[in-house]
Amino acid sequence: MRVPATTVLATDANSSPWHFWTYFMDHRSDDLRYLWDHVYLSLLPVVVGLIISLPLGFIARRYRWSYPPIISITGLLYTIPSIALFVIVPPLFGLKSLDPKQVPIALTIYSVALLVRVVADGLASVSEETLLAASAMGFGRMRRLLSVELPIAAPVIAAGLRVATVSNVSLVAVAGTIGMDNLGRLFDEGIQLSTPTPYYPPIVLGIVLCVLLALAFDGIIVLGTRLLTPWRRVAR
Amino acid sequence: MSGVITWLNDPAHWRDRPADSFVGIPSQIVNHLEYSLIALGIALVIALPTGLAIGHSGRATWVVAAANALRSIPGVGLLVLLAVIIAPHFYGRTDLGYLIPTEIVLVLIAIPSILANTYAGVDNVDPAVRDAARGMGMSGGEVLRQVEFPNSLPLIFSGFRSATLQVIATATIASYFPLGGLGRFIYDGYHQQDYDQMVSGGILVALLAVLVDLVLSLVQRLCVSRGVSGRFSKTPTQDPATAALRTKEEVATG
């Protein structure tokens, strides 16, 4: 199976897994575009998902009868494998197959599926005494929700946001296998370049960038939560 | 959407046709389940005893954290990397060159959920219950087998169920390589621009995942003692098992 190195470019020293940085520099404009697409595809669905989940979670908490159906439906959506949801979304939303919008829509569905439950449980974690105290101090229902319940639920919601964002980074890469532009495309390139001998740099680059993105998003959310909930630091 | 219904209803798609090496839907379901079951079996054999041991002894908890850190690695990337390393050694002979990397990735994906939940389940058992078992003269092994294990079953099941879903999802992506499974229809449809086939494949995968989860939830109902799941009261209280899971999940990821 060994082919003389002179005839095949890929057997060159550059095919070493550690040359992913050289690969990045050589294909900078494409790779930066993939990175940016990956960033927005990972974040936008979580933000939109949170905006949709807050009222839904509130309803699930406020009206007890609505909790089981809302949680069952979102749980069902969450069991659908990502690649399946990507391809099912276009016919359901009247898009053309392989429309770039199908990825953010599918990921928004996942984020909502995860976050509705988190918001409902987060709001449920606020103790009855706190609610009564807030009402006794003359807080209206809306003001109590915004300035008492949501801040207390913030750490729980933030934990959900971390799970949603980090798993989104992996799921976006899956969309690369059906030709969507993002870091997943690097894996595709790696396979194309790997015949007849393995060519590692794009594959390793894709994995490294995905892991770094996941860590960065995770860190930002943790930091943001710390800044938004200063009272928790005192309690420790 | 009507094209999809036609595709799914076409009897030709439900039969294997050796002539043009088309594998029908039932055979691909079997393949899909086979890949998934092998991986889940291996992962269970590794993660369940490890999780029980760590939870029981309270030692080496870093193993759970390390397994959790694995989760941020994208499954597709790992799959491609291992396939590129392993496949050339099997070229042209069997599909083992793609099956082996796929199984490795599926096992790696299944382990963290099972391990973390098993550990959390045992760790979460009420200390008073554990002390009572000790006080009744049970040995360490008896406490683990007869008290801690049954009490942690709801969490172990939820870990196994989420591992199963992740494995089924990733096994679909394995059809990106020349391997069987329901993902074959998605990727064949994609490459042949036959979008009815692609969407049908997606629907079949979604149905498989939902059905398997349903079966596992029934098995869980049968296996978990009602004393643990608290499934006798008529008052609509929150299931204590899921409540415990949520707090543990937050700790595990927090």
**Request:** Six or more apart or on different chains, Cβ under 8 Å: which pairs go from a residue in the stretch B:180-197 that's part of a helix (DSSP H, G or I) to one that's surrounded by fewer than 24 Cβ atoms within 10 Å (Cβ to Cβ) and β-branched (Val, Ile, Thr)? Could you list them?
**Result:** B:ARG184/B:VAL23; B:PHE185/B:ILE25; B:ILE186/A:ILE178; B:TYR187/A:ILE178; B:TYR190/A:ILE178; B:ASP196/B:VAL4; B:ASP196/B:THR6
**Asked** In the stretch A:175-196, which residue that is facing another protein chain (nearest Cβ under 7 Å) and of a type in the set (Val, Ile, Thr) is farthest from the chain's Cα centre (by Cα)?
**Response** A:ILE191
**Request:** Please tell me if B:PHE90 is away from every other protein chain (no Cβ under 14 Å) and of a type in the set (Phe, Trp, Tyr).
**Result:** no
**Prompt:** In the stretch B:56-87, what residues are β-branched (Val, Ile, Thr), away from every other protein chain (no Cβ under 11 Å) and either free of Cβ contacts under 8 Å to residues at least 60 places away in the same chain or in contact with an Asp or Glu (Cβ under 8 Å, 6 or more places away or on another chain) (or both)?
**Reply:** B:THR61, B:VAL63
**Fill in**
Quick count over the stretch B:9-25, residues being part of a helix (DSSP H, G or I) and loosely packed, with under 12 Cβ neighbours inside 10 Å, is 6
**Request:** Working only within the stretch A:37-69, note down all residues that are aliphatic (A, V, I, L, M) and in contact (Cβ under 8 Å) with a residue 40 or more places away in the chain.
**Result:** A:VAL39, A:LEU41, A:LEU43, A:LEU44, A:VAL46, A:VAL48, A:LEU50, A:ILE52, A:LEU54, A:LEU56, A:ALA60
**Request:** Being more than 10 Å from chain B (Cβ to nearest Cβ) and free of Cβ contacts under 8 Å to residues at least 12 places away in the same chain is the filter here, so list the residues in the stretch A:75-102 that pass it.
**Result:** A:LEU95, A:ASP99, A:LYS101
**Fill in**
All-but-one check, A:ILE152 against (1) within 14 Å of another protein chain (Cβ to nearest Cβ); (2) at pLDDT 90 or above; (3) in contact with a Leu (Cβ under 9 Å, 6 or more places away or on another chain), failing number (1)
**Asked** If a residue has to be surrounded by 14 or more Cβ atoms within 10 Å (Cβ to Cβ) and more than 26 Å from A:ALA175 (Cβ to Cβ) to count, how many in the stretch A:189-221 make the cut?
**Response** 1
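Listed here are the residues, each with its yes/no results for (1) facing chain B (nearest Cβ under 9 Å); (2) of a type in the set (Asp, Glu); (3) in contact with a helix residue (DSSP H, G or I) (Cβ under 7 Å, 6 or more places away or on another chain); (4) not in a loop (DSSP other than H, G, I, E, B).
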| position | (1), (2), (3), (4) |
| --- | --- |
| A:GLU129 | no, yes, no, yes |
| A:VAL156 | yes, no, yes, yes |
| A:GLY160 | yes, no, yes, yes |
| A:ASN168 | no, no, yes, yes |
| A:ALA173 | yes, no, yes, yes |
| A:GLY206 | yes, no, yes, yes |
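The values are calculated or read from the model by the stated rules, or taken from the named source; none is laboratory data. In this text, all values refer to a predicted model and were calculated from it rather than measured experimentally. Quick reminder, even Gly has a Cβ in these numbers, built from the backbone with ideal geometry, and neighbours come from all protein chains shown.
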